[in-house]
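Notes follow once the structure below has been shown.
The values are calculated or read from the model by the stated rules, or taken from the named source; none is laboratory data. This is a predicted model, so every value here is computed, not measured. Every residue, glycine as well, gets a Cβ built from its backbone with ideal geometry; the counts of neighbours run over all protein chains shown.
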Amino acid sequence: MWNSSARGAWHGATLVIAGLVLAQPAIAAPVTPSPVVAAERAFAADGLELGVQASFLKHSAPEGMLLAPEPVLAKAVFGAPRPKGKPLVWWPLWAGVARSGDLGFTTGPYTSDGRPGGYYFTVWAKQPDGAWRWLFDGGPPSDMIDAAPQGSKVAYARLADRKAGSPARAMIQVSAAEIALHAQAKTDARAAFLAVVADDGRIVGSKAPPPGTRAELEAEVATRPLSIAFSPLGGQASAAGDLAWTYGVARWTKDGQAQRGHYVRIWRNDKAGWRLLFDELLPAPPLKAPPG
């Protein structure tokens, strides 16, 4: 049987050990795009239950934007009540997130009234209340050949290698990267994009499914005009300065006719500098000349 002094010594040692354990910093949970994927799936589920209008308004950030065909706030597009409409179904297959866990994206196929529509692309931002709301939604009508079905595992883009330290510093760096890209794109857009796209990046815009290999990516880039003039309109970076999205106007010539549209991009801060993780080119109808 222990005497009182032995019990006291054992009890004291136990308290010291417990204190040391409690003093150890908690291991942070790994950052993954899973909250962004969950937000997208909730958005899609409400699209079926509530209808497109109600779901888009419910899940959009105050500055949530669509191309209709020009950039416009979602609340302006979906503000007036409208019927539930035909079922719009979509599901994520690829997603990414900032290391600071406040900016992300998902993309995947969608159907309209049961018919293949293409691939959507959504940019998401975490709000002050902790909820995820979308900042941009829109994508090209690409073919859904061999698209993975609903419920398939979502592939995650790897996290950035570097942090700029602040959103403002990140946007300065991203703006510089875009200026260089846009300068080269005026003479050789294809080479310009291939030089800055990440190894695991995706470039879309044609009818082809999103590329999954470098060869498919190069084939997609080859469908773009050789010369494109870009004009930035806006964007936003993560708190860590490791991920950013941008959008703007694109102009080019095809078959002797002036064409225009918009670009939407995700930039990631890699070891080699800012690289394109995602880029889509979305054609738009020509602007109508003012009357008179």
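Give the stretch 204-248 a look and list any residue that's among the hydroxyl-bearing types (Ser, Thr, Tyr) and farther than 28 Å from Gly64 by Cβ, or say none. Residues satisfying the conditions are Thr213, Thr223, Ser227.
When you scan the stretch 84-103, do you find a residue that is in contact (Cβ under 8 Å) with a residue 12 or more places away in the chain, part of a helix (DSSP H, G or I), closer than 28 Å to Ala148 by Cα and among the aromatic types (Phe, Trp, Tyr), even just one? Among the residues of the stretch 84-103, not one is in contact (Cβ under 8 Å) with a residue 12 or more places away in the chain, part of a helix (DSSP H, G or I), closer than 28 Å to Ala148 by Cα and among the aromatic types (Phe, Trp, Tyr), which makes the answer no.
Criterion applied to Ala229, Ala176, Ala183 was being among the small types (Gly, Ala, Ser), surrounded by 14 or more Cβ atoms within 10 Å (Cβ to Cβ) and either at pLDDT 95 or above or farther than 14 Å from Ala244 by Cα (or both), and the one residue passing it is Ala229. Pairs linking a residue in the stretch 40-69 that is within 16 Å of Pro81 (Cα to Cα) to a residue that is of a type in the set (Val, Ile, Thr) and surrounded by 15 or more Cβ atoms within 10 Å (Cβ to Cβ), with Cβ atoms under 8 Å and 6 or more positions apart or on different chains, are Gly47/Val89; Phe56/Val77.
Looking across the stretch 121-160, the residues that are assigned to a loop (DSSP other than H, G, I, E, B) and among the acidic types (Asp, Glu) come down to Asp129, Asp143, Asp146.
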